[in-house]
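Scroll down for the structure; my scribbles are underneath it.
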Amino acid sequence: MFILFGFRTREQMVSTSSMVCEVCGVQASQALVKRSTKFSLFFIPLFPVRPSAYYLRCAHCATMRPARQPAAAAGR
């Protein structure tokens with residue numbers, strides 16, 4: 001008998017806005033991305049193994065840097 005288990009990280013785009021990137025210094029679209037990691041059993045995600053993290057992704061240089069948690073998601 002085989003038991004298939006593992007971890008899966010998913011990214012969900014929350015919003016976008018245009019601002020200056022801290023890394024490349026170009027005015028470009030910055031996407032706010034929510035990344036969550038869950039334990040999965042037989043390819044079914046069951047429960048989160050760490051808190052969700054928020055990142056800003058620059059459309060120009062594709063750099064991801066940590067972002068503060070948005071106020072709307074802070075209450076969840």
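The values are calculated or read from the model by the stated rules, or taken from the named source; none is laboratory data. All figures in this text were calculated on a predicted structure; none of them were measured in a lab. Note: ideal-geometry Cβ built from the backbone for every residue, glycine included; neighbour counts use all protein chains shown.
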Note down all Cβ pairs under 6 Å where the first residue falls in the range 1-19 and is free of Cβ contacts under 8 Å to residues at least 24 places away in the same chain, the second is of a type in the set (Val, Ile, Thr) and assigned to a strand (DSSP E or B), and they're at least six residues apart or on different chains.
-> Met13/Val33
Matching residues in the range 34-58 - criterion: being under 12 Å from Phe5 (Cβ atoms), of a type outside the set (A, V, I, L, M) and in a loop (DSSP other than H, G, I, E, B) = Phe42, Phe43
Would you mind finding the one in Ala73, Ala31 that is in a helix (DSSP H, G or I), under 17 Å from the mean Cα position of the chain (by Cα), modelled with pLDDT under 95 and of a type in the set (A, V, I, L, M)?
-> Ala73
